[in-house]
Amino acid sequence: MRQPNYDKFPQVNVPGQADACVAGWRDIGARLAGISLPEDGIVVVETYPGVTDAELLPPLQKIFTPTRTVLAANALVGPERLSALVDRDLTTDRVFARMSLLNLEDIMDLSQRVKPGTGVTLVYGTGASLLVDRTDLLIYAEMARWEIQLRQRRNIAGNIGLPVTKGTPAEKYKRAYFLDWRLADRLKRRVWQRIDFVLDTNVANEPKLVAGEAVREGLRLASQRPFRVVPFFDPGPWGGQWMKEVCDLDRSASNFAWCFDCVPEENSLLLGFGRHRVEVPSIDLVFQEPVALLGQSVYRRFGAEFPIRFDFLDTMGGGNLSLQVHPLTDYMQQNFGMAYTQDESYYLLDVSEGRGEAGASVYLGFKEGVDRAEFISVLKDAQVTGSTPDIDRFVNRFPAKKHDHFLIPAGTIHCSGAGAMVLEISATPYIFTFKLYDWGRMGMDGRPRPIHLEHGENNLKFDRTTEWVRSRLMGIADPVSSGDGWREEKTGLHELEFIETRRHWFTQPVEHHTHGGVNVLNLVQGEEATVESPSGAFAPFVVHYAETFIVPAAVGKYRIRPSGIAAGKECATLKAFVRTNA
């Protein structure tokens, strides 16, 4: 068996900044004590929603010994006013809502602004920086979104304006995704260049304080070289066993269904400062360095958003994914306030063939002559009565083999069958999946998983039938170019999708160029490869099998070659980028 070499904790080292970070409250206190404040100094600690106040506030009060502490939470509008402002966009749906366009000041009473007083004033919480006219020291308490979700599941993280105990984990996540994070990110972008210190609060009771300028320098360096974000893994009702072995995960876990390997909206980034490693949300990089990271044309089209997502779906030894469809662009804009939708594709990293299991398959598109009303009626009956519909009567199920690439433009019915290890390549709004049928399963919380038949029916393209799918969405591997020891193929995506993918097979170094746009790649074959700069602009960057990595637009030319035990053997990468003419 192969030895796993997948790196679960990749980091970007920041040279010359070894002293920029201190860890633990004792050393943090010593660092902050060395800062000269006016006698009537105002210290602002801005917190990201989900940060644990009970963990941070007492030691901060001990460090600064303020004559008064002002909590931003007390300046929030009352519950009735808050509901009036946010409930319409949040809706009553268990999963979906509209992206909030509010700012934090819209839900705060700014008449409670703080004036300097006698002694130091500590202003603390989400929105704290909005309550002051003058800031003598600004600390930003960060937390990665995955850590927030884990704390929501343990009922120790809540939402803006609500008690920590209010709501289920799913309700907390929905409110955070559509409301809290939008408000907090808009404020963060406004104060980012003024932050004196970033406080990493991801590990309970193990805080790390790093100079704001050092963090900004770390993000700048990341935008000039290949890097990886921190992957995270989660079980699911259909989850499999492949990632346990390849990614070296907990073998005692029941399964792992998902890996978010490149979703900067929710992943984090590790910055190395000497012996300390600081974790910040990777969206901070998108906010601070959008042009260098994305490229001018991508930034002009999408703004400070990362439009490409790579993630894993593991059904090896598991079950079928839910039968599903993604919304069409106009539907997305009209109903959810988002500019684009989740076009996607399934790339088969591996399949169960030869492992003593049934062969892998992918459900994709309708069979010829399917009656729309009958199909919807069958699904509704299954939802109400618990009956088991014959999905294969209506939907194509195609055999799948390793390195197959299935294209899935929005509106196409689809799901991965059991026995597959899918590298999902898609546009970023991943939360918008309309489940049509879930094979009678319960979710990990023991509740039936939400089904969205009305949304699904409004988006299903019943004219995407067998021959249309075969000719447009499957088996595409068109030769593009070749050279000594390498060849390049175009594998998609469909003309309706804005992402292009290219696969390179290589035993010798192969040249790449970002052409002014961000590239996202995965090493889909081979144990190891090294990414190099022909001009020496960045240090050689080693990637391993199944690792996703980002090459910022600013990099320009780069080269990838087999290395380590893969030297001289055939490797393959799959690369995605935004089409300039899309």
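Annotations
- Only listed residue being touching a residue at least 24 places away in the same chain (Cβ under 8 Å), exposed (fewer than 14 other Cβ atoms within 10 Å of the Cβ), out of contact with any helix residue (DSSP H, G or I) (no Cβ under 9 Å at 6 or more places or on another chain) and not in a helix (DSSP H, G or I), chosen from Thr118, Thr92: Thr118
Every residue, every condition in (1) among the hydroxyl-bearing types (Ser, Thr, Tyr); (2) over 30 Å from Val230 (Cβ atoms); (3) buried (at least 22 other Cβ atoms within 10 Å of the Cβ); (4) modelled with pLDDT of 95 or more, yes or no:
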site: Pro58; (1), (2), (3), (4): no, no, no, yes
site: Ile107; (1), (2), (3), (4): no, yes, no, yes
site: Val114; (1), (2), (3), (4): no, yes, no, no
site: Asp133; (1), (2), (3), (4): no, yes, no, no
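- Qualifying residue in the stretch 142-151 (condition: touching a Ser or Thr at 6+ places or on another chain (Cβ under 8 Å), modelled with pLDDT of 95 or more, outside any helix (DSSP H, G or I) and of a type in the set (D, E, K, R)): yes
- The stretch 363-413, residues that are part of a loop (DSSP other than H, G, I, E, B), open to solvent by 70 Å² or more (accessible area, probe 1.4 Å) and within 17 Å of Leu453 (Cβ to Cβ): Asp371, Thr388
- Gly475, sole failed condition from (1) farther than 18 Å from Val370 by Cβ; (2) open to solvent by less than 70 Å² (accessible area, probe 1.4 Å); (3) touching a residue at least 60 places away in the same chain (Cβ under 8 Å); (4) not acidic (Asp, Glu): (2)
- Residue in the stretch 520-527 that is part of a strand (DSSP E or B), open to solvent by 40 Å² or more (accessible area, probe 1.4 Å), among the polar types (S, T, N, Q) and over 23 Å from Pro10 (Cβ atoms) present: no
- Pick from the stretch 11-45, criterion part of a loop (DSSP other than H, G, I, E, B) and surrounded by 19 or more Cβ atoms within 10 Å (Cβ to Cβ), ranking: modelled with the lowest pLDDT: Gln17
- Put simply, of Gly475, Gly417, Gly443, Gly386 the only residue that is touching a Ser or Thr at 6+ places or on another chain (Cβ under 8 Å) and not β-branched (Val, Ile, Thr) is Gly417.
- With respect to the conditions (1) touching a helix residue (DSSP H, G or I) at 6+ places or on another chain (Cβ under 6 Å); (2) over 17 Å from Trp238 (Cβ atoms); (3) open to solvent by 20 Å² or more (accessible area, probe 1.4 Å), Ile451 falls short on a single one, namely (2).
- Single residue of the stretch 420-448 satisfying the filter (of a type in the set (Gly, Ala, Ser) and outside any strand (DSSP E or B)) that is surrounded by the most Cβ atoms within 10 Å (Cβ to Cβ): Gly443
- Checking each residue in the stretch 67-89 for being open to solvent by 30 Å² or more (accessible area, probe 1.4 Å), more than 29 Å from Asn335 (Cβ to Cβ) and of a type outside the set (Val, Ile, Thr) picks out Arg68, Leu71, Ala73, Asn74, Gly78.
- Subset of the stretch 234-264 (residues that are closer than 22 Å to Gln11 by Cβ and open to solvent by 30 Å² or more (accessible area, probe 1.4 Å)): Asp248, Asp250
- On inspection, Ala546 fails the criterion of being of a type in the set (A, V, I, L, M, F, W, C), open to solvent by 40 Å² or more (accessible area, probe 1.4 Å) and out of contact with any strand residue (DSSP E or B) (no Cβ under 6 Å at 6 or more places or on another chain).
- Taking the criterion of being open to solvent by less than 10 Å² (accessible area, probe 1.4 Å) and over 13 Å from Ala141 (Cβ atoms), the only residue of the stretch 188-214 that qualifies is Ala214.
- Residue match in the stretch 536-543 (condition: open to solvent by 10 Å² or more (accessible area, probe 1.4 Å), aliphatic (A, V, I, L, M) and assigned to a strand (DSSP E or B)): yes
- Within the stretch 281-304, at least one residue is open to solvent by 30 Å² or more (accessible area, probe 1.4 Å), within 28 Å of Gly556 (Cβ to Cβ) and without any contact (Cβ under 8 Å) to a residue 12 or more places away in the chain.
- Flag for Val70 being among the β-branched types (Val, Ile, Thr), in contact with an Asp or Glu (Cβ under 9 Å, 6 or more places away or on another chain) and not in a helix (DSSP H, G or I): no
- For the stretch 332-346, residues that are among the hydroxyl-bearing types (Ser, Thr, Tyr), touching a His at 6+ places or on another chain (Cβ under 7 Å) and under 15 Å from Ile431 (Cβ atoms) total 1.
- With respect to (1) surrounded by fewer than 20 Cβ atoms within 10 Å (Cβ to Cβ); (2) out of contact with any helix residue (DSSP H, G or I) (no Cβ under 9 Å at 6 or more places or on another chain); (3) at pLDDT below 95, the lone exception for Ala360 is condition (1).
- Each residue in the stretch 153-198 was checked for being β-branched (Val, Ile, Thr), within 17 Å of Leu130 (Cβ to Cβ) and not in a loop (DSSP other than H, G, I, E, B), and 1 of them qualify.
- Scope the stretch 367-398; condition at pLDDT 95 or above and more than 17 Å from Ser322 (Cβ to Cβ); matching residues: Lys367, Glu368, Gly369, Val370, Asp371, Arg372, Ala373, Glu374, Ser377, Arg393, Phe398
- Where Val298 falls short, out of the listed (1) in a helix (DSSP H, G or I); (2) touching a Leu at 6+ places or on another chain (Cβ under 6 Å); (3) within 30 Å of His403 (Cβ to Cβ): (2)
The values are calculated or read from the model by the stated rules, or taken from the named source; none is laboratory data. Only a predicted model underlies this, so the values are computations on that prediction, with no experimental measurement involved. For neighbour counting, all protein chains shown are included, and Cβ atoms are generated from backbone atoms with ideal geometry for every residue, glycine included. Each accessible area value is taken on the protein alone, full model and side chains, heavy atoms only, with ligands, DNA and RNA left out. Shrake-Rupley method; radii C 1.70, N 1.55, O 1.52, S 1.80 Å.
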